[in-house]
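J.: I have a structure here, written as structure tokens, and I will follow up with some questions on it.
The values are calculated or read from the model by the stated rules, or taken from the named source; none is laboratory data. As the structure is a computational prediction, the values presented were derived from the model and not from experiment. Glycine also receives a Cβ, built like all others from the backbone with ideal geometry; neighbour counts cover every protein chain displayed.
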Amino acid sequence: MFHSFIKNSSKKILFILFFFTLGCSSNAKENILYEINQVHCLSAYQDYFIDDFITTNDEIFVSIIDKLKKHENIVGEYNLIVTAGPKSNSSYGMLFNKAVLKNDLLNFYFDITQQENSSIAMTVVTYPICLLNIENINKYEFKISIQ
């Protein structure tokens, strides 16, 4: 009797595990490291825009790129500009870390850098920014994470 109970129960347990595994695996998409065509990061001395980022869809994008190319030695084509906002001195910078694609959401990760305390920095407000060229930027929704 006990033997038949285990035999019947094990089939039910295996069915439940199989169903659960199949159901969960079809909904979960992998995180894919997304390759960015071109990146250029710098610290600007002028506040070019007030949002966290702008794309080619924004009306002011072309004029900002033109100003950056004129004043900051920018070369290449870009379609996304991300800023870390105002910083208190010239020692701050911004670095692009990675881009991860998950469920059609493109997550961008940036690091804020600061020189060591022993280095000399001008006491002037700066605006660390990164310019990126992303293939098919309009295809994705995206999220910016700055640390």
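J.: Return yes when residue 107 is out of contact with any Cys (no Cβ under 8 Å at 6 or more places or on another chain) and without any contact (Cβ under 8 Å) to a residue 40 or more places away in the chain and no when it is not. Steps first, please.
T.: Numbers: out of contact with any Cys (no Cβ under 8 Å at 6 or more places or on another chain): yes; without any contact (Cβ under 8 Å) to a residue 40 or more places away in the chain: yes.
Judged against the criteria, residue 107 is a match.
J.: Considering only residues that are more than 23 Å from residue 74 (Cβ to Cβ) and either surrounded by 16 or more Cβ atoms within 10 Å (Cβ to Cβ) or modelled with pLDDT of 95 or more (or both), which ones fall in segment 122-139? Break it down stepwise before answering.
T.: Restricting attention to segment 122-139, the residues satisfying the condition of being more than 23 Å from residue 74 (Cβ to Cβ) are 123, 139.
Across segment 122-139, there are no qualifying residues.
J.: What is the number of the single condition among (1) touching a residue at least 24 places away in the same chain (Cβ under 8 Å); (2) more than 23 Å from residue 123 (Cβ to Cβ); (3) surrounded by fewer than 16 Cβ atoms within 10 Å (Cβ to Cβ); (4) of a type in the set (S, T, N, Q) that residue 73 does not meet?
T.: Only one criterion is unmet by residue 73, namely (1).
J.: Only one of 37, 107 is polar (S, T, N, Q) and at pLDDT 95 or above. Can you tell me which?
T.: Working: 37 fails: at pLDDT 95 or above.
After ruling out the rest, the residue left standing is 107.
J.: Next question, about the same structure. Could you tell me how many of the residues in segment 110-121 are surrounded by 14 or more Cβ atoms within 10 Å (Cβ to Cβ) and either free of Cβ contacts under 8 Å to residues at least 12 places away in the same chain or part of a loop (DSSP other than H, G, I, E, B) (or both)?
T.: Here the count works out to 1.
J.: Further, regarding this structure: May I ask you to say which residue of 43, 4, 63 is at pLDDT below 90 and either surrounded by fewer than 12 Cβ atoms within 10 Å (Cβ to Cβ) or on the phi < 0 side of the Ramachandran plot (or both)?
T.: Numbers: 43 fails: at pLDDT below 90; 63 fails: at pLDDT below 90.
Every option except 4 fails the conditions.
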